[in-house]
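Visitor: Next up is a structure, given as structure tokens.
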Amino acid sequence: MASTTPSAGALAGIRVLDLTTVIMGPYGTRILADMGADVVKIEAPEGDTFRRYGPSRHAGMGGSVLNLHRNKRSVVLDLKQPAARAALDRLLAGADVLVHNLRPQVAARLGLDWDSVALHNPRIVVCAARGFGEDGPYGHKPAYDDLMQAGSGFAALNVQQHGMPRYAPTAWCDKIAGQAIAYAVLGALLHRERGGSGQQVEVPMFETAIDFMLVEHYGPGAFEPPLGPIGFPRQLSPQRKPYRTRDGWACILPYSDRNWQDFFAFVGQPQWLDDPRFADVAQRVQHVDALYAILESCAAERSTAEWVAFCDRVGIPCMPVLALEQLKDDAHVQAVGLLDVAEHPSEGRYRAVRSPLRFSATPWALRRHAPRTGEHTAEVLREAGLSDAEIDTLLATH
């Protein structure tokens, strides 16, 4: 069973103020928190809106919050109130990083733009997590994952497979932008620690999603003029999918020349070894639909376990199709302790998803369970030098 431990982490001593909400920013700051940073989540009196996504045992503590906000502290400040805004300035003076998801005009109005914050703390890193880059015409638009899937080219890729644009059933744009927040902040901190200054970093979800999409799909389109249509053929094939086995579904993915030789021998079709369409990787890419059709027809002849056993034996990439509900029972997931049971002081037992990263000298630890809204307000403000009377006045306004 997972338990909180005093492990410091690689970022011990780094204070991060997190003014973000929902998924993109909080996921990025959770990565920093998991590496040991003291992440202080600043929330409005009603709390982060994502807290209300249920089900939950207590208000504001939905299941996703338990892992998204672990290793953080929560402070409630109503920034519309002058005293609360002044308290935030006290926190900013001692912070290493500020992460917010405010639009440029709102950040400036609240005095949370780089120029304003740097007047009080020139060593701070201000990370602006945005939907779109400030300089473009979309800078005023709201930012939601579905918009990014539509605008990044991702949804349109599904036309070739499904006949219509589709979204992925996960907020992948939010999450890769969250990862970008983490590595951008780390880069800025490294620059500062090497004798540089603080700075502002902008992480726009739209541009991050496009960069992500074009890694393999740009291909021929990267040239001027293009050498062919944009898109990675193997991934765009309508036949690229999990295959139905005799008793379930599996991903069976022969890749190398040797993989295909072993596969053709196993299914009793050695004549395909001499088929010029499958002679090498270049030819296989051009005839990938035919290969996928062969895989689909052969997959149904054996059980999932038989396919996994054969593929693992000869080194062919293969995985059974696992539902989210099955992950906790998977042998590998159990062996690496990815989904352990933890005991939250107010929410009871829950599945704690440990950080997938492994540091030999500064290992991950569940140092703090996800906080209730405002749980650490008095504690953090007292650390910033506010008196008990000032803290009581602020708490009375919530």
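The values are calculated or read from the model by the stated rules, or taken from the named source; none is laboratory data. As the structure is a computational prediction, the values presented were derived from the model and not from experiment. Because the Cβ atoms are built from the backbone with ideal geometry, glycine has one as well, and the counts that use them run over all protein chains shown. Ligands, DNA and RNA are excluded from the accessible area calculation, which covers all protein heavy atoms including side chains. Shrake-Rupley method; radii C 1.70, N 1.55, O 1.52, S 1.80 Å.
Visitor: Do you know which of the residues in the range 272-282 that are at pLDDT 90 or above and open to solvent by 70 Å² or more (accessible area, probe 1.4 Å) is farthest from residue 308 (Cα to Cα)?
Guide: 276
Visitor: Continuing with the same structure: Which residue, of 143, 86, 59, 95, is assigned to a loop (DSSP other than H, G, I, E, B), within 24 Å of residue 386 (Cα to Cα) and either out of contact with any helix residue (DSSP H, G or I) (no Cβ under 8 Å at 6 or more places or on another chain) or aliphatic (A, V, I, L, M) (or both)?
Guide: Answer to the selection: 95.
Visitor: Going residue by residue through the range 104-126, is there one that turns out to be basic (Lys, Arg), farther than 26 Å from residue 234 by Cα and modelled with pLDDT of 95 or more?
Guide: yes
Visitor: Could you please find all residues in the range 283-299 being touching a residue at least 40 places away in the same chain (Cβ under 8 Å) and surrounded by fewer than 16 Cβ atoms within 10 Å (Cβ to Cβ)?
Guide: The answer is 285, 286, 289, 293, 296.
Visitor: Scanning for something free of Cβ contacts under 8 Å to residues at least 40 places away in the same chain, of a type in the set (Ser, Thr, Tyr), under 29 Å from residue 161 (Cα atoms) and part of a helix (DSSP H, G or I), does the range 300-310 turn up at least one residue?
Guide: The answer is no, given that none of the residues of the range 300-310 is free of Cβ contacts under 8 Å to residues at least 40 places away in the same chain, of a type in the set (Ser, Thr, Tyr), under 29 Å from residue 161 (Cα atoms) and part of a helix (DSSP H, G or I).
Visitor: Which residue is nearest to residue 231 (Cα to Cα), if the candidates are limited to the range 252-265 and must be open to solvent by 60 Å² or more (accessible area, probe 1.4 Å) and in contact (Cβ under 8 Å) with a residue 40 or more places away in the chain?
Guide: Looking at the filtered set, the residue picked out is 255.
Visitor: Pick out the one residue from 368, 351, 358 that is in contact (Cβ under 8 Å) with a residue 12 or more places away in the chain, surrounded by fewer than 19 Cβ atoms within 10 Å (Cβ to Cβ) and outside any strand (DSSP E or B).
Guide: 368 is the lone residue from the list that is in contact (Cβ under 8 Å) with a residue 12 or more places away in the chain, surrounded by fewer than 19 Cβ atoms within 10 Å (Cβ to Cβ) and outside any strand (DSSP E or B).
Visitor: Under 6 Å between Cβ atoms, which residue pairs at least 6 apart in sequence (or on different chains) link something in the range 321-342 that is farther than 22 Å from residue 169 by Cα with a partner that is exposed (fewer than 11 other Cβ atoms within 10 Å of the Cβ) and modelled with pLDDT under 95?
Guide: From residues that are farther than 22 Å from residue 169 by Cα, the pairs are 341/1.
Visitor: Name the one entry in 100, 120 that is without any contact (Cβ under 8 Å) to a residue 60 or more places away in the chain and either buried (at least 22 other Cβ atoms within 10 Å of the Cβ) or not aliphatic (A, V, I, L, M) (or both).
Guide: 120
Conditions tested, residue by residue: (1) within 22 Å of residue 211 (Cβ to Cβ); (2) in contact with an Asp or Glu (Cβ under 7 Å, 6 or more places away or on another chain); (3) of a type in the set (A, V, I, L, M, F, W, C).
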position	(1), (2), (3)
124	no, yes, yes
141	yes, no, no
145	yes, yes, no
149	yes, no, no
167	yes, yes, no
173	yes, yes, yes
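Visitor: Just the residues that are assigned to a loop (DSSP other than H, G, I, E, B), open to solvent by less than 20 Å² (accessible area, probe 1.4 Å) and either acidic (Asp, Glu) or touching a strand residue (DSSP E or B) at 6+ places or on another chain (Cβ under 7 Å) (or both), please, taken from the range 11-56.
Guide: Within the range 11-56, 20, 37, 48 qualify.
Visitor: Here's another thing I want to ask about it. Within the bounds of the range 150-171, is there any residue that is under 16 Å from the mean Cα position of the chain (by Cα), over 30 Å from residue 94 (Cβ atoms), buried (at least 16 other Cβ atoms within 10 Å of the Cβ) and among the hydroxyl-bearing types (Ser, Thr, Tyr)?
Guide: no
Visitor: So which pairs qualify, if the first residue must be in the range 181-201 and open to solvent by 20 Å² or more (accessible area, probe 1.4 Å), the second must be among the aromatic types (Phe, Trp, Tyr) and not in a loop (DSSP other than H, G, I, E, B), the Cβ gap must be under 8 Å, and the two must be at least 6 apart or on different chains?
Guide: 199/114; 200/114
Visitor: Those residues that are buried (at least 16 other Cβ atoms within 10 Å of the Cβ) and either more than 32 Å from the chain's Cα centre (by Cα) or modelled with pLDDT of 95 or more (or both), I need them from the range 221-247; list them, please.
Guide: 243, 245
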